[in-house]
Amino acid sequence: IVIVFKLFSLVSLLTVGLTGTKLGCAEGGCGACTVMVSKYHPHQNRIIHYAVNACLAPLCSLHHCAVTTVEGIGSVASKLHPVQERIAKAHGSQCGFCTPGIVMSMYALLRNNPQPSMHDVQEAFQGNLCRCTGYRPILEGYRSFTKDGGCCGGKAQSNGCCMTNEHTQDSTLPAQKLYDQSEFMPLDPTQEIIFPPELMVKQPQRELRFAGERVLWIQPCSLEELLELKATYPNAKLVVGNTEVGIEMKFKNLLYPVILAPAYIPELNIIQNTQDGIQVGASVTLTVLGDVLRAAVKKLPAHQTEVFKAVLEQLRWFAGQQIRNVAAVGGNIMTASPISDLNPVFMAASCKLTVMSKGEKHVIEMDGKFFPGYRKTILKPEEILLSIEIPYTRKGQYFSAFKQSPRKEDDIAIVTCGMNVFFKEQSNIVQSIRISYGGMAPVTVLATATCNRQWNEELLEEACTSLAEEMNLSPSAPGGMVTYRRTLTISLFYKFFLNVQHKLSLDLLKEVFNIVFFVVVVVAIRRCAQNSGLAAALLVPIISSLFTAVHSVTCVGHIVGAIVADTQAHAQRAAKAVKISYEELQPVIVTIQDAIANKSFFQPVRSIERGDVAQGFKDSDHILHGEMHIGGQEQFYLETNCTLAVPRGEDGEMELFVSTQSASKTQALVAKALGVSANRVVCRVKRMGGGFGGKESRSTILSTVVARPVRCMLDRDEDMLVTGGRHPFFGHYKVGYMNNGRVMALEVTLYSNAGNSLDLSLALFHMDNSYNIPNIRGTGYVCKTNLPSNSAFRGFGGPQGMMIAESWMSDVALSCGLPAEEVHTATFSLSQSIVRRMNMYKEGDFTPFSQRLDNFTIDRCWEECMQLSDFNKRKDAVEQYNRQHRWTKRGLSIIPTKFGISFTAVFLNQAADIHIYVQYHSKDLGKQIFFFSHIFNLGIIINFIMFYRTPDLGYDFETNSGRPFNYFSYGVAVSEVEIDCLTGSHKNLHTSIVMDVGKSLNPALDIGQVEGGFMQGLGLFTLEELRYSPDGYLYTRGPGMYKIPAFGDIPIELKVSLLRDAPNEKAIFSSKAVGEPPLFLAASVFYAIKDAITAARAESNLTGPFRLDSPATPERIRNACEDKFTKLCPPADPGTFIPWAVQV
């Protein structure tokens, strides 16, 4: 028996001294903890290297393995590895918290393939997230490792050279190199760390046991031993990759006292061809499965590999590479997840499963009876899954698999399916059809409807009607999105119908059937009924120490106590063991609509007004009303809030090592908690793994809790639950405008969901964005709700205010029947050399808050961005594409931004630089002490103190006078997208950005900030969706359900240009702030999506303004593209059910 004390996951061991590997989420969703595992594989007779998530990898599973961390490949103290050097020189690291994981993913790839393709690189990073860089510099730096991405250093000036190609590209704007590839160290595979010879042995033929405090881990060496153990421990879990059980034990508080690890049993690793297909052992990893099926697709006739190609398509988007490297195909089946990516494929393909127990072996078909209930299979407790046989297909058989998820890469499915149809020989008569869905019930389901008819439009209509009836969901179904999910089942079948029709027509040499399309209107649910009460429970532990903090709570996630224990695992376990009773208080206010109904607002209510708004509406030709909701956003810094508090021994002195953006506030609050003066507390922030405003004020909560000699680091789910994020906003507007699109009057009311306390976010100053509205009134309400207090996030409310401005501008454009860019710029004559901008500000104009716009450069940004993106040519191409395609549409948008720079809290706009130099030569300690005491008692200031306060700042809401901002940063972005009208998915095809950053101090840094901010905005406006229960409980508490942009979300073509010759006299060295302003430019993607939806709606004769809330998720895009399929899935009436999730 080998005893393992307190440590379970690999990352726990690495914290002992190897601090390069980071812990970001503890669920394998961010890749910050990526390391490389190497081992001799006895069944493959070779050494294999693969990337894994250290947070999920059990120590017990690493017997006879070599683990390489980022420290093991190189360091600044010795010598950097080329993988480390290139990400650094390519400016691919900002906060640096994600960098070790990305480095190790790339390193593991290069150990297996020294010259990968760019596709290989992107696939290797599917399991890694970065919140800062926007990914482009990482990919560009590592492109140099690929087959055709390296640099010759100018030695071969030919068509394949980057220096030669640079001059052949059509570009009127000069490019500036951010780094020189020729300076990169070469990669020499022969110099890599060798695999330890002592591990070059076959696995010992004996059973291994590891006993922990609560779990017994057994690794049998033979199938007979495994079956014997399963008979002895029928409820034991079989674990290969720990990608599911690890998460269940961590986040669902489940305990499995006995775990069996069958990873090395030969019979469970078998891969062999049979007469009917390929038999794959249950312990075979998904990566190996993919390799086997890819080889079969290359080797076998195309008609035999339909199922193989469908499995490969699902594996392409199955989690990240680190998960696929360790997760077993058998585990995916036996987990019985209702949203499994692969189980619907296996079920639709009628895969055969070999099941075994002690003394018995039989084969069962994976059909509709295999999953009798949620997370259950028909296998008996003592049985194990030995293998799965994935069948060949035959001529006349067509198979497809689909997965729809909020994010394409590494995301759980909303709906997933496998579809299988077999035709009678040389005909279009359906002999059999088999369709399986995940995400439509507590289990993977098999559609029961059958047909024996021609594959034509009548079959399509009948099948869609049947699916609409059969694939029904309760309006309160877990996961929400009921209307969207029901519509998806039909839309995905329609995609299958079109695919099969196309293949069938080619195979039968017949013309494609003519299809008549019918479109009807279905209105999606926008708000939900209010729940009658708040049900929340915070569990507090029973060991070491319990600090009771409060007697009443105002939200789920309100901190009510803290635990001190000898290990983090013990403290977490104790925290889950304590029950707290609650007396419910009414009313429960969760959403902005709840706050409006109950008039629950923080004071004061702010308002800004200019001109005569009433007269402006009278003078307008038209008036429109509209509204928009903008969802919140989690900062998702890769390093969660953490603090180390170290007492220094005398007079209550304490030294804090904190991940915070506000060291002084942390110092003050910890001093208050300890009852000492602030000079007794030293607060150190050496580096921070991301912040984005989320550690501006909320990190002080954690610091005051741990004002004792302890270390505290929040888990990802705790951090997301407690700290809040970007404020959700709701805006209602009334716009008066002329026939040509000139806006004459605007009245806008903004509501922000602050949560249970006030924090940092103000949108009124950005309600105009870049548009000069002569008569304008804006009113801002801060809603007090029963949610954790929302906080600062890159933009402080500015992006929300500007987003609503672009919404009414888009509505005006649609109402006038003019393209949005013509309303933005009022292009009356395309032949004019200077485009006359109607609604946009000009130099010297005044804002609604009475500040003059000097050095106004948006017009220059606009012209350069139109040129950089080749806007007019791109617009013509989009229009031509949309005329030729019915079910995919493209959209194009150009969006400006005007972002004010300064803190609206005036006292924050200051800085001090204090220098004290004392030289004293006495060696007498008493004299030295007397000398310094005398100096400070006399108040003597030695040398000098430099103090700076930004001049002439301040604003008075009562008189609408003053100067709230020191200056403005400007930018313009053009984006092109393509949407799938049947699923709501979209592709980011192109983005061009021109940003005014003044005189750039470091172009590489500034471009990195622009790209990073843009990608965060892309998440805000198209991807990241916080889901709350009606009681205010946050469902999306980690990367499993909350998806930030990944490598695959970068626009296929991304151009960033910094505006030249635009110095800013009001900042250091004529520069400008660049961190926050670029974020809003991602709205160009949102409004490009809206433009594409407009084209789709036009096919249904739907014109004019329509509401599209942010983020533009696949659900919202699909529901906005109204057609005959959406009519088959009408939503339930609001108020007739309790929704699973509400829009806060």
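The values are calculated or read from the model by the stated rules, or taken from the named source; none is laboratory data. Small disclaimer: the values here were computed from a predicted structure and weren't measured. Using ideal geometry, Cβ is built from the backbone for each residue, glycine included, and neighbour counts are taken over all protein chains shown. Note: areas computed on protein heavy atoms with side chains; ligands, DNA, RNA excluded. Shrake-Rupley method; radii C 1.70, N 1.55, O 1.52, S 1.80 Å.
Descriptive notes on the structure:
- Ordering 213-222, 304-313, 27-36 by mean Cβ neighbour count within 10 Å, with the highest value first, yields 27-36, 304-313, 213-222.
- The alpha-carbon positions of segment 614-728 define a convex hull whose volume is 151 Å³ per residue.
- Cα shape, segment 1035-1100, gyration tensor, a/c 1.5 rule: oblate
- Computed label-point distance, nm, for sites GLN272 and ARG963 using a 7 Å Cα→Cβ extension: 8.4
- Backbone phi angles across segment 1064-1077, fed through the Karplus curve with coefficients 6.51, -1.76 and 1.60 (θ = phi - 60°), yield HN-Hα couplings of 10, 6, 9, 9, 4, 6, 6, 8, 9, 5, 10, x, 8, x Hz in residue order; Gly and Pro are listed as x.
- Sorting the Cα pairs of the chain by distance into bins of 20 Å, from 0 upward, gives 11, 39, 38, 11, 1, 0 percent per bin.
- Solvent-accessible area per residue, Å², over the chain with all protein chains present [probe radius 1.4 Å]: 42
- Measuring nothing but protein heavy atoms, the accessible surface of segment 382-478 at 1.4 Å probe radius is 49 percent carbon and sulfur.
- Spin-label model, LYS298/LEU223: points 7 Å from Cα along the beta carbon direction are separated by 3.0 nm.
- Protection-proxy order for peptides 555-568, 960-973, 256-269, each taking the mean of Cβ atoms within 10 Å per residue, highest first: 960-973, 256-269, 555-568
- Accessible surface of segment 1037-1119, 1.4 Å probe, proportion on carbon and sulfur as whole %: 49
- Reduced Cα scattering model of segment 382-462, Debye log10 I(q)/I(0), q = 0.18 Å⁻¹: -0.95
- FRET efficiency, 1/(1 + (r/R0)^6) with R0 22 Å, evaluated for ASN1002 and GLU1065 via beta carbons: 0.70
- Computed FRET value (nearest 0.05) for GLU462 with PHE195, which takes r as the C-beta separation and R₀ as 41 Å: 0.10
- Helix-only [θ]222 nm of the chain, DSSP H runs n ≥ 4, -39500 (n - 2.57) each, per residue, nearest 500: -8000 deg cm²/dmol
- If the Kirkwood radius is taken over C-alpha pairs of segment 405-444, then at 25 °C and 0.890 mPa s the Stokes-Einstein diffusion coefficient equals 199 µm²/s.
- Reduced Cα scattering model of segment 967-1111, Debye log10 I(q)/I(0), q = 0.10, 0.11, 0.22 Å⁻¹: -0.44, -0.52, -1.27
- For segment 985-1025, the share of accessible area belonging to carbon and sulfur comes to 56 percent (1.4 Å probe, ligands and nucleic acids excluded).
- The trypsin sites (Lys or Arg not before Pro) found in segment 986-1060 that occupy coil by DSSP, while having at most 14 further C-beta atoms within 10 Å, are ARG1060.
- Loop-located GluC sites (Glu not before Pro) across segment 640-675 with a Cβ neighbour count of 12 or fewer within 10 Å are GLU650, with loop assigned by DSSP.
- Per-residue 3J(HN,Hα) values for segment 473-483, derived from phi via the Karplus relation 6.51 cos²θ - 1.76 cosθ + 1.60 with θ = phi - 60°, read 9, 5, x, 9, 4, x, x, x, 6, 4, 4 Hz in sequence order (x marks Gly and Pro).
- Shape category assigned to segment 245-320 from the gyration tensor of Cα positions, a/c cut at 1.5: oblate
- Three-way shape call for segment 20-81 based on the alpha-carbon gyration tensor, with the a/c threshold at 1.5: oblate
- Measuring nothing but how far apart in sequence close Cα pairs (under 8 Å, 6+ apart) lie, relative to its length, the chain scores a relative contact order of 11 percent.
- For the listed peptides 801-812, 607-618, a ranking on the average number of other beta carbons within 10 Å per residue, highest first, reads 801-812, 607-618.
- Phi angles of segment 369-375 translate, via the Karplus equation with coefficients 6.51, -1.76, 1.60 and θ = phi - 60°, into HN-Hα couplings of 9, 5, 10, x, x, 4, 6 Hz per residue; Gly and Pro are given as x.
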